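Below: one structure, written as structure tokens.
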């Protein structure tokens, strides 16, 4: 689908329809993650050590997420709007959204994507494959070189935290959640001020 048609389709969708699409895509990611996990982790319980609670690494994940979100908010202010233009998806998705719903979406996305990309793919085939596949599925960012570079760099950073933590999922879920939650709040606030 070309970018013009994608923009027209997005313009026709309501925020509720976008949210439904988001929930469906995350459900598909979770199904893929658990399906791959079932076949790649024998026994399936071999994935459990990746869920170990480690306060230090969770702090590192949250702190890294705060740094990434702060850098993004600064860049949003100093760069032309076109650098962050994803076709209006984020603005339409987060407009008039209550804080609890932004948190729910951020948690759902962080859990599903990190379970698949770090917990399954990176654990089995490495950081490069996981990061590139992560960037590949974020197709709406392909419209601008800055967005795709941003996603690739972020994916490698999340993958590095995953590797340095000894392949713990909770720190990268915390990092991903922090980024998405703060940026979701930021987008929602920016829209309400315009």
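So, in the range 71-92, how many residues would count as being surrounded by 11 or more Cβ atoms within 10 Å (Cβ to Cβ) and in contact (Cβ under 8 Å) with a residue 40 or more places away in the chain?
As a first pass, look at the range 71-92 and keep what is surrounded by 11 or more Cβ atoms within 10 Å (Cβ to Cβ): 71-73, 75-76, 79, 83-92.
Among the residues that remain, those that are also in contact (Cβ under 8 Å) with a residue 40 or more places away in the chain are: 72-73, 76, 79, 83-92.
Adding up the residues that qualify gives 14.
Can you confirm whether residue 66 is closer than 14 Å to residue 173 by Cα and modelled with pLDDT under 90?
No: the conditions fail for residue 66.
Residue 126 falls short on exactly one of the conditions (1) touching a helix residue (DSSP H, G or I) at 6+ places or on another chain (Cβ under 8 Å); (2) under 25 Å from residue 55 (Cα atoms); (3) surrounded by fewer than 20 Cβ atoms within 10 Å (Cβ to Cβ), and that condition is (1).
Residues in the range 62-85: is at least one outside any helix (DSSP H, G or I), within 20 Å of residue 14 (Cα to Cα) and out of contact with any strand residue (DSSP E or B) (no Cβ under 8 Å at 6 or more places or on another chain)? Steps first, please.
First, the residues of the range 62-85 that are outside any helix (DSSP H, G or I): 79-80, 85.
Among the residues that remain, those that are also within 20 Å of residue 14 (Cα to Cα) are: 85.
From what's left, out of contact with any strand residue (DSSP E or B) (no Cβ under 8 Å at 6 or more places or on another chain): 85.
Yes, there is a match, as at least one residue in the range 62-85 is outside any helix (DSSP H, G or I), within 20 Å of residue 14 (Cα to Cα) and out of contact with any strand residue (DSSP E or B) (no Cβ under 8 Å at 6 or more places or on another chain).
Picking from residues in the range 24-55 that are in contact with a helix residue (DSSP H, G or I) (Cβ under 9 Å, 6 or more places away or on another chain), exposed (fewer than 13 other Cβ atoms within 10 Å of the Cβ) and closer than 18 Å to residue 172 by Cα, the one that is modelled with the highest pLDDT is 53. Of the residues making up the range 56-69, those that are loosely packed, with under 12 Cβ neighbours inside 10 Å and closer than 21 Å to residue 108 by Cβ number 0. Where in the range 93-189 are there helices (runs of 4 or more DSSP H), lying fully within it, with 2 or more residues that are touching a strand residue (DSSP E or B) at 6+ places or on another chain (Cβ under 6 Å) and touching a residue at least 24 places away in the same chain (Cβ under 8 Å)? Where helices (runs of 4 or more DSSP H) fall fully within the range 93-189, none carries at least 2 residues being touching a strand residue (DSSP E or B) at 6+ places or on another chain (Cβ under 6 Å) and touching a residue at least 24 places away in the same chain (Cβ under 8 Å). Just one of the listed residues (115, 105) is under 14 Å from the mean Cα position of the chain (by Cα), at pLDDT below 95 and surrounded by 14 or more Cβ atoms within 10 Å (Cβ to Cβ), namely 115.
The values are calculated or read from the model by the stated rules, or taken from the named source; none is laboratory data. Because the structure is a prediction, the values reported are computed rather than measured. Methodologically, a virtual Cβ is constructed for each residue, glycine included, from the backbone with ideal geometry; neighbour enumeration extends over all protein chains shown.
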